[in-house]
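J.: The structure is given below, and queries will be raised subsequently.
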Amino acid sequence: MHVNDSKKPAGALVKDLFKLIRIKQWVKNGFVLAPLLFTGRFTNPASLKSAVLAAVLFCLASSATYIVNDLKDINRDRLHPTKSKSRPLAAGTIPISLALCVLVCLYGGLIAGYIVEPKVIMVIVGYSCLNLAYTFILKHQPVVDIFTIAIGFVLRVLAGAVALNAPVSGWMFVTTLCLALYLAAIKRSQELSLSGTEGRAVLSKYTKPLVDKYAEMSATCALVFYSMFVMSSRPELIVTVPLVLFGLFRYWYVVDVLDAGESPTDAFLADWPLLITIVVWCAACAWALWPA
């Protein structure tokens, strides 16, 4: 049933718009700021401005991607027990015409961003093309779908490095890839546990033991590569390794015992020990890398 948007209170409309652009998912774009942290340039106003602008541009791009995905899957989402209520387009609380207007505005913001950060926008173009391919083709391909999601996080880190015109250790890229693979595999595992193969078509090509193995391997690799990065490039960050280990353990607890993990963002925002761990990790990194 579609709601008459003209009679909707302004507050409810804004809330639905936030759901449309998935504003909570913007937390993922914190990966754009990783090079700013690890280069130790977070006290430099110019570097801080460039990195934050890159993160904002990525927020626009990711929101545009979500809208395109929701437009493409609107009929399927209307049959889903959860998405039919949580997705504004599927629920009919946001008309398609308004979603298209928002989409045009988001792409307009990215075009304007090209004037200020052309190199960052080129990375974002690659990210957008990858996600369009995911929306229409790649999300139906087992294993490819998980790697596509993970590569999106690597591109976030690359955008942050490009914004600073700074080289980034290969260890950081491979660690980001493994961590993102871990989160994507956990997401698939939870989708299988909570809704079986009905949630998305590709799930029929997976088994839960298989994606659990993917998650275990990815988590192990993420920890090993992060430790190697620290010991080879940033030995002053050795104190953060236990925090990363605890974070992986805690997230797995949240997923396995508390049945979260279908939405990694919601899992992080809802679990205070995880939030505290991330804050402490960021603070420890900043303290260790603070410019002399």
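The values are calculated or read from the model by the stated rules, or taken from the named source; none is laboratory data. Keep in mind that what you see is a predicted model, and the values were worked out from it rather than measured. Quick reminder, even Gly has a Cβ in these numbers, built from the backbone with ideal geometry, and neighbours come from all protein chains shown.
J.: So which of THR93, THR148, THR135, THR175 ends up being assigned to a loop (DSSP other than H, G, I, E, B) and among the polar types (S, T, N, Q)?
T.: Matching residue, one of THR93, THR148, THR135, THR175: THR93.
J.: Right, another one. Given the condition within 24 Å of VAL154 (Cα to Cα) and among the aliphatic types (A, V, I, L, M), answer yes or no: does some residue in the range 246-258 qualify?
T.: Yes, that holds for at least one residue.
J.: Let me ask you something else. Which residue out of LEU203, LEU192 is free of Cβ contacts under 8 Å to residues at least 24 places away in the same chain, touching an Asp or Glu at 6+ places or on another chain (Cβ under 9 Å) and closer than 20 Å to SER263 by Cβ?
T.: Within the list LEU203, LEU192, the selection yields LEU203.
Yes/no per residue for (1) assigned to a loop (DSSP other than H, G, I, E, B); (2) modelled with pLDDT under 95; (3) touching a helix residue (DSSP H, G or I) at 6+ places or on another chain (Cβ under 6 Å); (4) not assigned by TED's automatic domain parsing to the domain that holds ARG234:
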residue: LEU13; (1), (2), (3), (4): no, yes, no, yes
residue: ALA46; (1), (2), (3), (4): no, no, no, yes
residue: VAL56; (1), (2), (3), (4): no, no, no, yes
residue: SER62; (1), (2), (3), (4): no, no, no, yes
residue: ARG76; (1), (2), (3), (4): no, yes, no, yes
residue: PRO81; (1), (2), (3), (4): yes, yes, no, yes
residue: SER97; (1), (2), (3), (4): no, no, no, yes
residue: CYS101; (1), (2), (3), (4): no, no, no, yes
residue: VAL104; (1), (2), (3), (4): no, no, no, yes
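J.: How do the pairs read when you match residues in the range 228-240 that are in the same structural domain as CYS178 (by TED's automatic domain parsing) and charged (D, E, K, R) with residues anywhere that are assigned to a helix (DSSP H, G or I) and surrounded by 13 or more Cβ atoms within 10 Å (Cβ to Cβ), using Cβ under 8 Å and keeping only pairs 6 or more apart or on different chains?
T.: That search, which allows pairs on different chains as well, returns ARG234/PHE38; ARG234/ALA288; ARG234/LEU289; GLU236/ALA288; GLU236/LEU289.
J.: Name every residue in the range 207-226 that is among the polar types (S, T, N, Q) and at pLDDT 95 or above, in order of residue number.
T.: SER218, THR220
J.: Would you mind stating whether THR39 is closer than 26 Å to LEU183 by Cα, out of contact with any strand residue (DSSP E or B) (no Cβ under 9 Å at 6 or more places or on another chain), crowded, with 17+ Cβ neighbours inside 10 Å and of a type in the set (Val, Ile, Thr)?
T.: The answer is yes for THR39.
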